[in-house]
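Heads up, the thing below is written out as structure tokens.
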Amino acid sequence: MKVFRGNELKPGDPNTFTGAVRTRLVASDDEHTPVHVYRVEFDSGGRTFWHIHSGPQWLLIVEGRVRVQKLNEAAVDLDAGGAVVIEPGVKHWHGAAPGSRGVHLAVNIAVQTTWLEPVSDADYRSG
């Protein structure tokens with residue numbers, strides 16, 4: 001059994017996030033199938049840059065409203081209790097829905113992340 005205690009939230013890296021974002025590693029396991037679980041808190045306007053994962057990413061919405069968008073598709077807004085799985089190799093971003101605050105748990109399974117360009121304000125609002 002591996003126990004994890006609450007780590008403090010840290011500001012999101014400005015090289016990978018736009019706006020007010022806080023993150024913390026909740027739990028991880030690299031001994032078996034690598035799994036990392038992050039709590040990510042987005043204030044209104046806060047979001048990731050576009051990025052791609054080498055493995056699946058599960059987003060579990062725990063508070064507020066979160067917007068998720070895959071390249072060339074309409075954005076989807078999810079309320080607390082919602083969830084989405086993003087397939088490996090899919091360019092996407094996620095953050096608070098406009099005018100909302102949102103919090104999700106990101107479960108990354110055997111994932112390496114390739115960070116790309118910021119999401120423009122126009123793209124963020126248009127969804």
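The set of residues in segment 76-105 being more than 11 Å from the chain's Cα centre (by Cα), among the hydrophobic types (A, V, I, L, M, F, W, C) and either closer than 15 Å to V21 by Cα or modelled with pLDDT under 95 (or both) consists of A97 alone.
The criterion of being among the hydrophobic types (A, V, I, L, M, F, W, C), loosely packed, with under 15 Cβ neighbours inside 10 Å and part of a strand (DSSP E or B) holds for V85. Considering each residue of segment 6-16 in turn, none proves to be out of contact with any Gly (no Cβ under 6 Å at 6 or more places or on another chain), small (G, A, S) and closer than 17 Å to V111 by Cα. Residue pairs whose Cβ atoms lie under 6 Å apart, sitting 6 or more positions apart in sequence or on different chains, and linking a residue in segment 109-125 that is among the basic types (K, R) to a partner that is in a loop (DSSP other than H, G, I, E, B), are R125/P98. Taking each residue of segment 1-29 that is among the hydrophobic types (A, V, I, L, M, F, W, C) and modelled with pLDDT of 95 or more and looking for partners that are exposed (fewer than 13 other Cβ atoms within 10 Å of the Cβ) and assigned to a loop (DSSP other than H, G, I, E, B) with beta-carbon atoms closer than 9 Å, six or more apart or interchain, yields V21/D13.
Note on segment 5-24: among residues that are in a strand (DSSP E or B) and touching a Phe, Trp or Tyr at 6+ places or on another chain (Cβ under 6 Å), the one that is farthest from Q112 (Cα to Cα) is V21. For the criterion of being surrounded by fewer than 18 Cβ atoms within 10 Å (Cβ to Cβ), touching a strand residue (DSSP E or B) at 6+ places or on another chain (Cβ under 7 Å), under 17 Å from V21 (Cα atoms) and not β-branched (V, I, T), R65 fails. Elements of the type strands (runs of 3 or more DSSP E) sitting completely within segment 31-74 and holding at least 3 residues that are farther than 22 Å from D121 by Cβ, within 12 Å of the chain's Cα centre (by Cα) and in contact (Cβ under 8 Å) with a residue 40 or more places away in the chain: these cover 35-42, 57-70.
Can you name the residue in segment 106-127 that is in a helix (DSSP H, G or I) and either over 17 Å from L71 (Cβ atoms) or more than 15 Å from the chain's Cα centre (by Cα) (or both) and, of all such residues, is modelled with the highest pLDDT? Among those residues, the one meeting the criterion is D121.
The values are calculated or read from the model by the stated rules, or taken from the named source; none is laboratory data. All values reported here derive from a predicted model rather than from experimental measurement. Neighbour counts run over all protein chains shown; Cβ positions are idealised from the backbone, glycine included.
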